[in-house]
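Following: one structure in structure tokens, then a few remarks.
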Amino acid sequence: MPELPEVETYRRFLDELVLGQTIAAVEILDAKVLAVEADTLRREVSGAAVTATRRLGKNCFLELSTGKVLVLHFGMTGDVGAYRDDYDRPRFTRVALHLDSGLRIAFIDPRKFGRIRLTDSVAAFQLAKKLGPDALELTAAELQTALARKKTLLKPLLLDQRLTAGLGNWIVDEVLFQAAVHPERRANTLEPAEVERVHAAVQLVLHTAIEQEATYRQFPASFLIHAREWDESPDPHSDAHEYCPRDRAPIVKKYVGGRATYYCPTCQPTPSEE
């Protein structure tokens, strides 16, 4: 599933290709990914120039010269691509933006869970979807305030996009591992120093993932994500990824709030009964 780091990578890709370009036409190959009427999309987007690209959480935005904003949400399998001729069109392209330059931008989505919509502004979209501040912009003070008044388990709370936009399942696991905080801590039991660690870990994890363009095998060996075995471990001839890189305890997998959760039982100690 495209998470914040993937979407930021997509945004940077789009920024290089479409900024300042005019969208000559909108080609709709599968309307299932549209959350706006096809005719409305064509009318509002065709002939408009892209004035800026932005991102909020897992959503990417193309701001247009008309004042409208095109919203791209990538669902579980969404991606973007670029091509010039029909025979080069990426498989599973659902919508293509034809630029005046001749380049075409593909919205790719094999499973068709992604959505394209229009909004009046990023702020209007954020309000309508009840999204909190972007995870990269969330301050330690905002996080402290949000956690202090919640008795819920920490992991499900951090996944709540109303608190902060952009933290997905593996990211929260990694954040809590780097901060040495158990995923089943009650949010309001965190000390200020622990909240600071969690905030710093959010920045560390997201910036690392963005720098590596979300290529998991390139993440540092000190990251928990290798335990998920999504990609080659830093050392494919070793089982080191099954153990905590700090204390060598076996990594535990359990379900917290219905989500698969990985953590180290030694450096993320189980909370006492509260």
Practice task
Distance between Cα centroids, region 99-142 to region 186-223: provide it in whole Å.
Solution key: 23
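Starting from the exponent 0.38 and prefactor 2.2 Å, build the expected Rg for the chain from its residue count and divide its actual Cα Rg by it. Write down the numbers at each step before the final one.
On the way: Rg = 20.5 Å, N = 274, 2.2 N^0.38 = 18.6 Å.
Rounded to two decimals, the normalised Rg is 1.10.
Give me the net charge for the shell around Ala25: Cβ to Cβ below 10 angstrom, other residues only, Lys and Arg +1, Asp and Glu -1. It would help to have the intermediate numbers written out before the result.
Numbers: positive: Arg42, Arg104; negative: Glu27, Asp100.
Here the count lands on 0.
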Handout entry: Cα-centre dipole for the chain with unit charges at Cβ (Lys and Arg positive, Asp and Glu negative), debye to 20
Key = 880
Exercise for the section: With the Cα gyration tensor of region 125-172 in hand, give its eigenvalues times 5 under a square root as the equivalent ellipsoid semi-axes, listed largest first in whole angstrom. Expected result: 16, 13, 11
Problem - Per residue, the convex hull volume that the Cα atoms of region 1-74 enclose (Å³) - result: 92
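Could you please report the charge total around Pro110, scoring K, R as +1 and D, E as -1 over all other residues with beta-carbon less than 13 angstrom from its beta-carbon?
On the way: positive: Lys32, Arg91, Arg94, Arg111, Lys112; negative: Asp30, Asp79, Asp109.
Net charge in that neighbourhood comes out at +2.
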Fill in the blank from the handout: Sequence order, region 74-91: Karplus ³J(HN,Hα) from phi using 6.51 cos²θ - 1.76 cosθ + 1.60, θ = phi - 60°, Hz rounded, Gly and Pro as x, gives 9, x, 8, 9, x, 7, 10, x, 9, 7, 10, 10, 4, 5, 9, 4, x, 4
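Arrange the following residues from fewest to most other Cβ atoms within 10 Å of their Cβ: Lys32, Lys58, Lys129.
Working: Lys32 10, Lys58 25, Lys129 16.
If I rank by nearby Cβ atoms, fewest first, I get Lys32, Lys129, Lys58.
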Completion exercise
Note to self: C-alpha centroids of region 1-44 and region 159-175 sit apart, in Å, by 24
Practice task
Between Ser272 and Glu191, with labels modelled 7 Å along Cα→Cβ, what's the label distance in nm to one decimal, could you check?
Solution key: 1.3
Practice task
Evaluate 2.2 N^0.38 Å with N set to the residue count of region 140-263, then give the Cα radius of gyration divided by it.
Solution key: 1.04
Practice task
Quick one: which residues, 5+ away or cross-chain, put their amide H under 5 Å from the amide H of Val95? H built at 1.01 Å from N.
Solution key: Leu29, Phe107
Fill in the blank from the handout: Here the FRET efficiency for Trp230 versus Arg162, based on Cβ atoms and R0 = 35 Å and rounded to 0.05, is 0.80
Exercise for the section: Return the distance in nm (one decimal) between the two label points of a simple spin-label model at Ala200 and Glu213, each offset 7 Å from Cα along Cα→Cβ. Expected result: 3.1
Completion exercise
If Lys150, Lys68, Lys130 are placed from fewest to most neighbouring beta carbons inside 10 Å, the sequence is Lys130, Lys150, Lys68
Problem - Principal axis box of region 83-135, alpha-carbon based, largest edge first, Å - result: 41, 28, 19
Problem - For region 191-204, 3J(HN,Hα) per residue [Karplus equation, 6.51 cos²θ - 1.76 cosθ + 1.60, θ = phi - 60°, Hz, x = Gly/Pro] - result: 6, x, 5, 6, 4, 4, 5, 5, 4, 4, 5, 4, 5, 4
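Convex hull over the alpha-carbon atoms of region 59-101: what's its volume per residue in Å³? Mind dumping the intermediate values first?
On the way: hull volume 3.7 nm³, N = 43.
For region 59-101, the hull spanned by Cα atoms encloses 87 Å³ per residue.
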Exercise for the section: Give me Cys60, Cys267 ranked fewest to most by other Cβ atoms within 10 Å of their Cβ, as a rough exposure proxy. Expected result: Cys267, Cys60
Practice task
Provide the per-residue ³J(HN,Hα) series for region 213-222, in order, calculated from phi with Karplus coefficients 6.51, -1.76, 1.60 and θ = phi - 60°, each as a whole number of Hz, with x at glycine and proline positions.
Solution key: 6, 6, 8, 4, 5, 8, 5, x, 5, 7
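A short reminder: the numbers here are calculations on the coordinates, not readings from a lab. Just so it is clear, the structure is predicted and the values come from calculations on it, not from any experiment. When we count neighbours, we look across all protein chains shown, and the Cβ atoms used for this are built from the backbone with ideal geometry, even at glycine.
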